[in-house]
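Before any comments, here is the structure.
Taken together, the values in this text are just the output of simple stated rules run on the coordinates, not laboratory data. Note that the coordinates shown come from a computational prediction; the quantities given were computed from them, not determined experimentally. Reconstructed Cβ throughout: ideal geometry from the backbone, glycine too, with neighbour counts over all protein chains shown.
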Amino acid sequence: MSVIASKNGGDTPSAYAQSLKLSPDAYVSLGSLIDPTKPDNRDLLIQTFGDQGITGFLQLTGAVKNAGTADQVQYWENGRLHRSVAFTGLTAAAPGVLTLGSGANNPVVLRLNDVLLLPDGQRVVVTDQDHSNDAVEVRNLAGGSTAAITVAGNAVVIGNVHAQGTDQPSTFYDTPIVLRNNDYIITKETYEVNGSQATNIGWVDVTGSGDYRWYVKGEMDTRKRFMNQREMMMLFAQRVGSGGVALNADGEAGLGTITGSEGYFAAVEDRGITATGDFDSLQDIDNIILLLDKQGAPSEYAMYVNTQTSLHMDDMVASGIATSVTAGLPGQFGSFNNSPDLAVQLGFKSFTRGGYTFHKHDWKLLNDPTLLGAFSTPLFKGAMVPLSNVADAKTGEKAPALEMNYKAVNGYSREMEHWVTGGGVLGFNTDGTDTAKFHYRSECNLVTRAANQHVVLKS
């Protein structure tokens, strides 16, 4: 009863609340206020589902951050130095007629005197061109008639041959350079607290350092949610179709048009390697290695996988003596400054196979049942990112495989904007509302260089 007497004697409601650490909803009912019994309260806020942060993929893969000054980032990628030519058939004759794929009537697709290696082992030389029929005449270097090929395939240009005293070729091959680009996207988030709630004290220590202000929890959660969603947009964003998508409010136009952006998974699914399976056997790993070899891939990869795939690979690595898979070989940690200890501290487990080193890491994003773990059949099981720099085809400058860009100029950065508005609440005086609004905004995109060397693991 002494507490009630003290309260009625002039103590302020806020002081009383401070003494009892009342939750915000205790202010709704007078009955709650006159209950003098303080519960045996444990004020630690338990993180039932962990910290729920799923960021880190871009940071751990070495994605650099660069400032941009236009609405679009463009970059250049070099094409194949050598070439193969698709054909639909070859007649048995001397000369034989090699029928090329559709649109192959470009005069530099195949040149006179080019030597081709055919799928059956024949070496033939181009002796004439029939551009109107997408065909070339060839003669077997072994002499006699060419052997007929009725199944479509690829002919590989292995070089050329010329007679003595002849002039230089009149045409030449040029390695194609591909110009790629990616738009920025703007992502936002807001949290709001009114003045009354901003002065309420809750039952729990929301920060772990003695802060019982309930609104702080909401603001902290909003910030983490924003950071998580920004990274997910970098990973899963997609370009929209021609003309963009108009955003409407209640059926009325006025919210603008978005163009989307190419996220990491969209880039790899479009130009990279998509591997399917359980990834629980050496054959699965070997199949991926064979695909990497064809793309001139570097020898070191970071693998971010869901829990199921991670367990399968742990079982595989555990049988290292029998399978010739060795866990964590010294000197194979280039991305960690050749420090196995650093790799372990970051939660990586490493193994080698076929001249490649793979650093495996569990990826929370794929396991969270409110995110990609919500699907009964996993949409994605993981991703494999090359841990090496690639050269820009136009400038020759070295750059990481992943590059996160944000808009910035003259000291103004839109990488991570955070500001507060309000009508005097918490000291922020920008308007007349009895609120404080916490705002987050970012304008960014992700560039995936040499996407052909990246791997997406799917069911």
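Structure data summary
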read-out: Added length on full extension, which subtracts the Cα-Cα distance from 0.36 nm per residue, Thr274 to Asp167; value: 33.9 nm
read-out: Efficiency of FRET between Ser281 and Asp434 - r from beta-carbon atoms, R0 56 angstrom, step 0.05; value: 0.35
read-out: Subset of Lys294/Lys364; Lys407/Lys437; Lys349/Lys407; Lys217/Lys364 violating a 29 Å alpha-carbon distance limit; value: Lys294/Lys364; Lys349/Lys407
read-out: For the stretch 84-174, with +1 on Lys and Arg beta carbons and -1 on Asp and Glu, the positive-most of Leu100, Ala163, Gly144 along the dipole; value: Gly144
read-out: Label-to-label distance, nm, for residues given as Asp211 and Asn113 (7 Å Cα→Cβ offset); value: 7.6 nm
read-out: Cα gyration tensor, the stretch 80-186 - rounded (a/c under 1.5), prolate or oblate; value: prolate
read-out: Label zone at Leu179 (point 7 Å along Cα-to-Cβ), backbone N below 19 Å, the stretch 70-96; value: 70-80
read-out: Label-point separation in nm, Thr307 to Ala152, each point 7 Å along Cα→Cβ; value: 4.5 nm
read-out: Amide H partners (placed H, <5 Å) of Glu300, local residues excluded; value: Thr357, Leu387
read-out: Length added when fully stretched, Tyr412-Ala374, from 0.36 nm per residue minus Cα-Cα; value: 9.9 nm
read-out: Extension gain, Asp128 back to Phe236 (0.36 nm per residue minus Cα-Cα distance, nm); value: 34.0 nm
read-out: FRET E, pair Val245, Ser145, Förster distance 56 Å, beta-carbon r, rounded to 0.05; value: 0.45
read-out: HN-Hα J in Hz across the stretch 305-317 - Karplus 6.51, -1.76, 1.60, θ = phi - 60°, x for Gly and Pro; value: 9, 6, 4, 4, 5, 4, 5, 4, 6, 4, 4, 5, 5
